[in-house]
Structures are given as structure tokens and as C-alpha cells.
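In what follows, a single structure is set out as C-alpha cells and then discussed.
The values are calculated or read from the model by the stated rules, or taken from the named source; none is laboratory data. For clarity, every value in this text was computed on a predicted model and none was experimentally measured. Neighbour counts are summed over all protein chains in view; Cβ atoms, including those assigned to glycine, are modelled from backbone coordinates with ideal geometry.
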Amino acid sequence: MLNGLKNLPGGIAVRPARKSDSPFLRKISDDKFSALKEHPKLSRDQVEHLMEMQLLAQSGAYGEMFPNAAYFIVEKNGQSIGKLSLEWDGESARLVDLGFVQKAQGKGFGKIIIRALVAACDQGKCPLIVTCPVTKPALMAFLQSYDFIPVSDPAGAAHILMKRDISQMPVSAPRQ
């Protein structure tokens, strides 16, 4: 399945994460929580501590919730720009996490990755599951344009579980 994630459009490629990627992964986290750095009531040490706790909690929670997850680095022309976490449970693939450094956000790289995952899952005839934040209606619309359907929508939830299952679609539905 992951062979479909090499040589993607726009010079995008995905490779397995290495221990040496830790500083880069920290950069993604730093970018995600950059607003904390500007908080008037937090010292630099407090911000650093909060961000370190976030990284530890995230890695621990992912390990517990997604024991079969694999971790990858997204590159553009050989430069690291993002991270990707996927879980394979033997029957379906789940996009656990996809994130980019601030300078790579909003440039369509996430769409390239999701399209490649859709194509790989279609080829392997396995469902693809994505968790979509309710605060991102554009992402939800994009996923629905690729025939993802909500499979959970609890009232007041921050995220909706979306699933694309090629085995339950008409023959003409899959797109590349």
C-alpha cells in the first residue's frame, strides 16, 4: 500500500520516520502551538514545558490507541515538511495524524497525501478511515468529494469519523 506514497505530484514523497527526525517533529509541534509563545501570562520555560508535555502525551496516546501505527515524514524535493501517522489493522487503514510545518500549511500538500492514500486503499481494496475536526468544514467537504461518509457524529463532538470503503461503492465511483 505504501509504495503509492513515493514520487507524488509536486515533488512530494513519504518516507519512514527516523529517530533523527525528532527535532523536525518538535518543529511541527512548535508551529502548531505558536500562539502559546505569545501568551502574556506564560514564561518561555512554561511554554517549553507545555509543548514538551504535549509531545509526550501525543506519542503515548497514539501508542496506546493505535498500537499498529506507522510513522512517516512527508518531504518536498527532499526537504521535510510534514508528518504522517497511519494505522493498519489488517482490514482497514486509518489516517491517525497528518501535520505540516507552518510554511507548508495551506499549500495543498495534505490533499496530495489524502489522494494518494485513497488511491492506495482503492488498489488494495481496503477502507480508509479519517478523523475530521468539526472546525474544518473545507476538509470535510474535500473528504466527502472523495466519497468519505460520516460513520460517527456524536452531538457536541470535536471530531467526526469518516470512512471511505470502495467495496461498498458502485463500480463507477472510485476516483484517482
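The table below gives the values:
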{"item": "Boolean, A120 is among the hydrophobic types (A, V, I, L, M, F, W, C) and either free of Cβ contacts under 8 Å to residues at least 24 places away in the same chain or part of a loop (DSSP other than H, G, I, E, B) (or both)", "result": "no"}
{"item": "Condition met for V151 (in a strand (DSSP E or B), surrounded by fewer than 19 Cβ atoms within 10 Å (Cβ to Cβ) and of a type in the set (V, I, T))", "result": "yes"}
{"item": "Residue match in segment 107-119 (condition: over 12 Å from the mean Cα position of the chain (by Cα) and either modelled with pLDDT under 90 or among the hydroxyl-bearing types (S, T, Y) (or both))", "result": "no"}
{"item": "Test: residue in segment 161-172 that is under 19 Å from L8 (Cα atoms), at pLDDT below 90, of a type in the set (G, A, S) and assigned to a helix (DSSP H, G or I)", "result": "no"}
{"item": "Selected residue (only one of K83, K103, K76 is in contact with a helix residue (DSSP H, G or I) (Cβ under 8 Å, 6 or more places away or on another chain), of a type in the set (K, R) and either more than 30 Å from D165 (Cβ to Cβ) or at pLDDT below 75 (or both))", "result": "K76"}
{"item": "Selection status of Q105, within 26 Å of D31 (Cβ to Cβ) and of a type outside the set (D, E, K, R)", "result": "yes"}
{"item": "Near pairs, Cβ below 8 angstrom, 6+ apart or cross-chain, from segment 91-106 (farther than 17 Å from A17 by Cα and touching a residue at least 40 places away in the same chain (Cβ under 8 Å)) to any residue that is of a type in the set (A, V, I, L, M) and part of a loop (DSSP other than H, G, I, E, B)", "result": "A93/M1"}
{"item": "When residues of segment 9-32 are limited to those that are in contact with an Asp or Glu (Cβ under 9 Å, 6 or more places away or on another chain) and basic (K, R), the one surrounded by the fewest Cβ atoms within 10 Å (Cβ to Cβ)", "result": "R26"}
{"item": "Selection from segment 80-117 of residues that are touching a strand residue (DSSP E or B) at 6+ places or on another chain (Cβ under 7 Å) and in a loop (DSSP other than H, G, I, E, B)", "result": "S92, V101"}
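To keep it simple, each residue is scored yes or no on (1) among the small types (G, A, S); (2) under 14 Å from L25 (Cβ atoms); (3) surrounded by 17 or more Cβ atoms within 10 Å (Cβ to Cβ); (4) in contact with a Phe, Trp or Tyr (Cβ under 9 Å, 6 or more places away or on another chain).
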position: Q79; (1), (2), (3), (4): no, no, no, no
position: A93; (1), (2), (3), (4): yes, no, yes, no
position: V101; (1), (2), (3), (4): no, yes, yes, yes
position: L117; (1), (2), (3), (4): no, no, yes, no
